[in-house]
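The values are calculated or read from the model by the stated rules, or taken from the named source; none is laboratory data. Only a predicted model underlies this, so the values are computations on that prediction, with no experimental measurement involved. Cβ coordinates were reconstructed from backbone atoms using ideal geometry, including for glycine residues, and neighbour counts include every protein chain displayed.
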Amino acid sequence: MENNYSFILEDNIERRRMNDKPLINFFLWGIFIFPDLGSLFYLSYEVLGGLLGSTMGLCMIYLQTKRVNAFIERKTEWYTNIVEFTNKYSDGSKNLRKLNNLIDPEIFSTHIEIINLNNALIFTGIVGVLNVILSLTGEEQSGTISLIWFFIIIISVICIIIYEYPMNALWNKIQCFENEFDETLSKVWKENAWIEKPIKFHVDPSKKRNYFLWMFFSVISLGVMFIIWNYKKYTDPDNMYKQFHEKEDKILEVIEKIEQKKLEVEN
């Protein structure tokens, strides 16, 4: 039985409607989390505040990572089905080979890769626990304090490697891949006379942020730039969903027309 790609892609778009939604307002998170950012620079803050801030921080990471991973999983299926459809009704060409190469698992993973949620939560949780222990440790126990800070720094570096660094670059990678995919797809579809104008995805240069530069300014601003930076990362998908969805709707519209014509010819 032949695949009905229109139906498959409509199902994909239905998942889009469920998953591609804004999260809770960023500044509501801040009521619980950001008063505790001082723990990055000072030793004294209340245990309850530390527990609450750490818990809310974990929830924030969980929801952000779950949302972006759901988006990547959905888009992976979307790209795969678009290429399968194009292969089915196209003659071979250089551009078609390029399109197939883009979704090769090894090549695709260099562009976009799902973030490991479990590791991100585990290591962030450990930092939160250490912060609470730090707040309970008396000032006279300087050796213990130094040891705790040593572990906080080490684990924080691990968190940066497995979560913060890839999350900072992720949406820029996603939009660059979408741009390359749509551009290559347009060349193939124009060869087949399926479209007259190319499908263009606008790449927002502001999504390309230098991690270490932002980290530097976060430190010297005592966390002010850190809040701005996290706000940008938090709202990246909300600012980009519309364009992704518009391109998907346009692609689906073309595929529906092609499948309808093929059905009419067969009948």
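In this structure, Lys200 qualifies as modelled with pLDDT under 95, among the charged types (D, E, K, R), closer than 30 Å to Lys257 by Cα and under 25 Å from the mean Cα position of the chain (by Cα).
Looking across segment 184-235 at every residue that is part of a loop (DSSP other than H, G, I, E, B) and of a type in the set (Val, Ile, Thr), the one that is surrounded by the fewest Cβ atoms within 10 Å (Cβ to Cβ) is identified as Val203.
Taking segment 89-109 as the range and being in a helix (DSSP H, G or I), within 12 Å of Val188 (Cβ to Cβ) and at pLDDT below 90 as the test, the residues that pass are Tyr89, Lys94. For segment 77-86, the criterion of being at pLDDT 90 or above, surrounded by fewer than 16 Cβ atoms within 10 Å (Cβ to Cβ), in contact with a helix residue (DSSP H, G or I) (Cβ under 8 Å, 6 or more places away or on another chain) and assigned to a helix (DSSP H, G or I) is met by at least one residue. Just checking, how many residues over segment 229-267 are within 18 Å of the chain's Cα centre (by Cα) and among the hydrophobic types (A, V, I, L, M, F, W, C)? Result for segment 229-267: 3.
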